[in-house]
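In what follows, a structure is listed as structure tokens, so that the remarks can point back to it.
Derivation of every value follows stated rules applied to the coordinates shown; laboratory data play no part. Fair warning: this is a prediction, and the values are worked out from it, not measured in the lab. No Cβ is skipped: glycine too gets one built from the backbone with ideal geometry, and neighbour counts run over all protein chains shown.
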Amino acid sequence: MSETEKLTLPVVELARQNDEFRNVLWTGDKTQLVLMAIPEGGEIGGEVHEGHDQLLYFVAGSGVAKIGETETEVADGDVAIVPSGVFHNFRNTGSGMLKLFTTYSPPEHAPGTEHATKSEADADE
């Protein structure tokens, strides 16, 4: 799916339909909207974004969020807040895909970025 120019989207439905690890949906000057799908037993991978705040909105599945030193279960309807400079990782601990959409402020990825899998995303960094 290429980036959209639409400014109103059914983002929860788009996130539930998405099967790609990362799909940049829209990029502005100060914010970016990205769809993500984490397979059973998979994870986003531990990372720190310097200068970027991130919000992750979970729409399907269940997992564990590690933000700083705190681990918390996450599921459909939850939001995780990751301030700039804080270590974080999200693991899928449920059955089926853990699906979410996330915002980065400012944008983190190149506009139009698509990665079918985590290994593809890792190879691109």
From the options Ala37, Ala65, residue that is in a strand (DSSP E or B), farther than 17 Å from Ser105 by Cβ and in contact with a helix residue (DSSP H, G or I) (Cβ under 9 Å, 6 or more places away or on another chain): Ala37
Given (1) closer than 17 Å to Thr103 by Cα; (2) crowded, with 16+ Cβ neighbours inside 10 Å, number of the condition Ser62 does not satisfy: (1)
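Do the conditions hold for Val79, that is, is it under 13 Å from the mean Cα position of the chain (by Cα) and surrounded by 17 or more Cβ atoms within 10 Å (Cβ to Cβ)? Explain how you work it out, then say what you get.
Values: under 13 Å from the mean Cα position of the chain (by Cα): yes; surrounded by 17 or more Cβ atoms within 10 Å (Cβ to Cβ): no.
It is false that Val79 is under 13 Å from the mean Cα position of the chain (by Cα) and surrounded by 17 or more Cβ atoms within 10 Å (Cβ to Cβ).
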Check on Glu13, of a type in the set (Asp, Glu) and either out of contact with any Lys or Arg (no Cβ under 9 Å at 6 or more places or on another chain) or under 19 Å from Ser105 (Cα atoms) (or both): yes
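If you check Arg16, Arg91, which single one turns out to be buried (at least 17 other Cβ atoms within 10 Å of the Cβ), charged (D, E, K, R) and not in a strand (DSSP E or B)? Before the answer, list the steps.
Working: Arg91 fails: not in a strand (DSSP E or B).
On inspection, the qualifying residue turns out to be Arg16.
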